[in-house]
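Worksheet for the structure shown next.
Taken together, the values in this text are just the output of simple stated rules run on the coordinates, not laboratory data. Computed from a predicted structure; not experimentally measured. Neighbour counts are summed over all protein chains in view; Cβ atoms, including those assigned to glycine, are modelled from backbone coordinates with ideal geometry.
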Amino acid sequence: MFRKPPEAPDAVLVEVEGRPVRVPPGASAAAAALIAGLASTRTSPVTGEPRAPYCMMGVCFECLLVIDDEPSQQGCMVTVRPGMRIRRQEGAREL
Amino acid sequence: MSDRPFDLVVIGGGPAGLAAASQARQLGLSVALVDEQPAPGGQIYRAVERAEAEGRATALGEDYRHGLGLVRAFHECGATLFASHQAWQVEPGGRVFATDGKASRLIEGRRVLVAVGAIERPVPIRGWTLPGVMSVGAAQILHKTIGLVPDAGVWIAGSGPLTLHFAAEIVAAGGRIAGILDTAHGRLPETALRHLGGVVRGWRYVARGLGYLARLRMADVRRVSGVENVEALGEGRVERVRWRSGGQWQEAPASGLLLHEGVVPNTHMTMAIGCAHDWDEAQKCFRPRTDRFGMTDVEAILVAGDCGSIGGARVAECRGRLAALGAAASLGVISAAERDRLAGPVEAEVSAHGALRGFLDDLYAPAAELCVPPDDVMVCRCEGITAGRIREAASLGCRGPNQVKSFTRCGMGPCQGRMCGPTVTATLAAALGMTPQEVGAFRIRPPLKPLRLGELAALADAEAGE
Ligand SMILES: Cc1cc2nc3c(=O)[nH]c(=O)nc-3n(C[C@H](O)[C@H](O)[C@H](O)COP(=O)(O)OP(=O)(O)OC[C@H]3O[C@@H](n4cnc5c(N)ncnc54)[C@H](O)[C@@H]3O)c2cc1C
Ligand code: FES
């Protein structure tokens, strides 16, 4: 859906679902998941459907991710750090 | 961890908050500004300093670069900046609680200016929960912050100035837009005639809109007008988009679908504080009740910018300055006469930049089917509640959003009703034959975002140690 960004010299190396991905500095964790090409970033604990970031500005809470083992992080509001581990959130009603 | 009390705590570093902070400092007030983004700029000027440093700002347009001046003036004004801090509770007396994701802190203000901007109006259509369906604003945020552009097969569906602006921005940046499904049903010539005065006075904005259209035509971006009933289809992800225009159903393959039906004030915070709100029929949204300086019915709380009423960036900037004048006068720092003298030219600017608003509100009013969707459309994404369930609750006697919430769980998920609130109010109003004002909105309770215990513990420790 989005074109792979040109590799920046100061790209940040993160891990998305265990795979190394280089993302532009200033990217959010949700953006990193999109760049990594994840088809969806969580499954709804209520309906079981796959979901993905919708608003990217902290409104919809569809971007809930497991970041550095901490579940239910609002991925669009967290800026990537080198080595950050980002995983899909499966179900679990955590909030 | 209570910092010294500030004369003014500004929440939100968009044009309204930035202008308010600078103006308040000029009047001699001590000022703190809290924003959940890592850098000031707000929605329109998001990441403007980064974009400038990376040489991308000019391509994003003169309007975007205007923000650089505002941000630089703010950095020089002597206000204290709490960046990457999300305000999760504001007390009517002026205490603001904010977290940086690890720990919370208390920031006290004698006055608090809520300048948290707008959110995009929810666009409840069939399939809008499928991955690959996002808002236009979301895609714009990806572009502004890290230069990401849509690739082949991404459609835009909706209406409003931002759709054209964004599409033109993407085409200029070398990205692709498969087509624009224009859902505006206001008819351009008639609407323009009805608002002739505004259109003439707002000609600069009209010219800009025509410029976007010309750029899109040159890039051969397909535009379909008179579109209704947009649907996203696919297994686990959007694969096709379907719509009706001129009475005909049409379908096209899609790798993504970007929705937008204008913006509405982000009233979550002012509602939680307990400020009075009124239904605005022209803009089809609730907004806080204020005087001309943005003072609400709660003495310590002021409002400026798009969270008060949708007016666009330049109006927000002016409203920020007016609110600073209001705060200074209410604290006795300047006299009422001085406040009014300084306000005159700012108010003239408001009316110049706001000239086109009535025309835009009319032309881009959301379609009835989007405000009051059919039974099978999901309204509450968090809890998976359809419009049909809301009507059922109404037929069983629920008279307002809060009853619907306890009956169905609608609005009880992590977004706290931000994504379904407007639709619930409109759907109930239609079902009960009441006005949105009578039906009301969800009652919002702090915290405004779910907190982890650790974030609160730090605050408790600090308070105990004081
Ligand atoms: C997604 C989106 C994109 C837009 N793009 C454009 C555009 O390209 N051009 C245009 O003319 N208009 C655009 N607009 C309209 C825009 O709202 C106004 O033009 C302008 O930005 C309004 O200024 P403001 O200062 O009122 O609010 P904003 O600029 O929205 O600033 C509000 C600030 O408050 C912060 N905030 C919100 N809640 C909290 C909280 N709880 N704690 C701390 N900080 C918080 C936000 O991070 C943000 O920085 C856009 C609106 C949206 C919603
Ligand atoms: S994508 Fe909407 S809250 Fe993060």
Filter result (more than 14 Å from every other protein chain (Cβ to nearest Cβ) and in a loop (DSSP other than H, G, I, E, B)) within segment B:23-39: B:Leu27, B:Gly28, B:Leu29, B:Ser30
Segment B:378-422: number of residues that are within 14 Å of chain A (Cβ to nearest Cβ), in a loop (DSSP other than H, G, I, E, B) and either in contact (Cβ under 8 Å) with a residue 40 or more places away in the chain or within 16 Å of ligand 1 (Cβ to nearest atom) (or both): 8
Candidate set: segment B:263-295, residues that are within 14 Å of chain A (Cβ to nearest Cβ) and part of a loop (DSSP other than H, G, I, E, B); chosen: the one surrounded by the most Cβ atoms within 10 Å (Cβ to Cβ): B:Thr267
Candidate set from segment B:49-63 (those that are assigned to a helix (DSSP H, G or I) and touching a residue at least 60 places away in the same chain (Cβ under 8 Å)); member that is farthest from the other protein chains (Cβ to nearest Cβ): B:Asp63
Some residue of segment B:142-160 being more than 24 Å from A:Arg51 (Cα to Cα) and within 14 Å of ligand 1 (Cβ to nearest atom): yes
Subset tally (residues that are within 16 Å of ligand 2 (Cβ to nearest atom) and either facing another protein chain (nearest Cβ under 9 Å) or farther than 24 Å from B:Gln37 by Cβ (or both)) for segment B:144-180: 3
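Before we move on, is B:Val48 more than 10 Å from ligand 1 (Cβ to nearest atom), surrounded by fewer than 24 Cβ atoms within 10 Å (Cβ to Cβ) and under 21 Å from the mean Cα position of the chain (by Cα)? Even if it seems obvious, please write down each step before you answer.
Numbers: more than 10 Å from ligand 1 (Cβ to nearest atom): yes; surrounded by fewer than 24 Cβ atoms within 10 Å (Cβ to Cβ): no; under 21 Å from the mean Cα position of the chain (by Cα): yes.
The answer is no for B:Val48.
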Of all residues in segment A:37-84 being small (Gly, Ala, Ser), more than 7 Å from chain B (Cβ to nearest Cβ) and more than 9 Å from the chain's Cα centre (by Cα), the one that is nearest to ligand 2 (Cβ to nearest atom): A:Ser72
When residues of segment B:65-103 are limited to those that are surrounded by 20 or more Cβ atoms within 10 Å (Cβ to Cβ) and polar (S, T, N, Q), the one farthest from the other protein chains (Cβ to nearest Cβ): B:Gln89
The one condition in (1) touching a helix residue (DSSP H, G or I) at 6+ places or on another chain (Cβ under 9 Å); (2) away from ligand 1 (no atom under 16 Å from the Cβ); (3) closer than 30 Å to B:Arg409 by Cα that A:Leu38 fails to fulfil: (1)
Within segment B:296-317, considering residues that are part of a strand (DSSP E or B) and touching a Pro at 6+ places or on another chain (Cβ under 9 Å), the one nearest to ligand 2 (Cβ to nearest atom): B:Val303
Hits in segment B:104-128 - residues which are surrounded by fewer than 21 Cβ atoms within 10 Å (Cβ to Cβ) and more than 19 Å from B:Leu8 (Cβ to Cβ): B:Arg126, B:Gly127
Every residue from segment B:297-312 that is in contact with a helix residue (DSSP H, G or I) (Cβ under 8 Å, 6 or more places away or on another chain) and surrounded by fewer than 23 Cβ atoms within 10 Å (Cβ to Cβ): B:Val298, B:Glu299, B:Gly311, B:Gly312
Count of residues meeting criterion [more than 23 Å from B:Ala184 (Cβ to Cβ) and more than 7 Å from chain A (Cβ to nearest Cβ)] in segment B:129-142: 1
Neighbours by Cβ (under 7 Å, 6+ apart or cross-chain): first from segment B:303-325, within 14 Å of another protein chain (Cβ to nearest Cβ); second within 16 Å of ligand 2 (Cβ to nearest atom): B:Asp306/B:Gly117; B:Asp306/B:Ala118; B:Asp306/B:Val263; B:Cys307/B:Val116; B:Cys307/B:Gly117; B:Cys307/B:Ala118; B:Cys307/B:Asn266
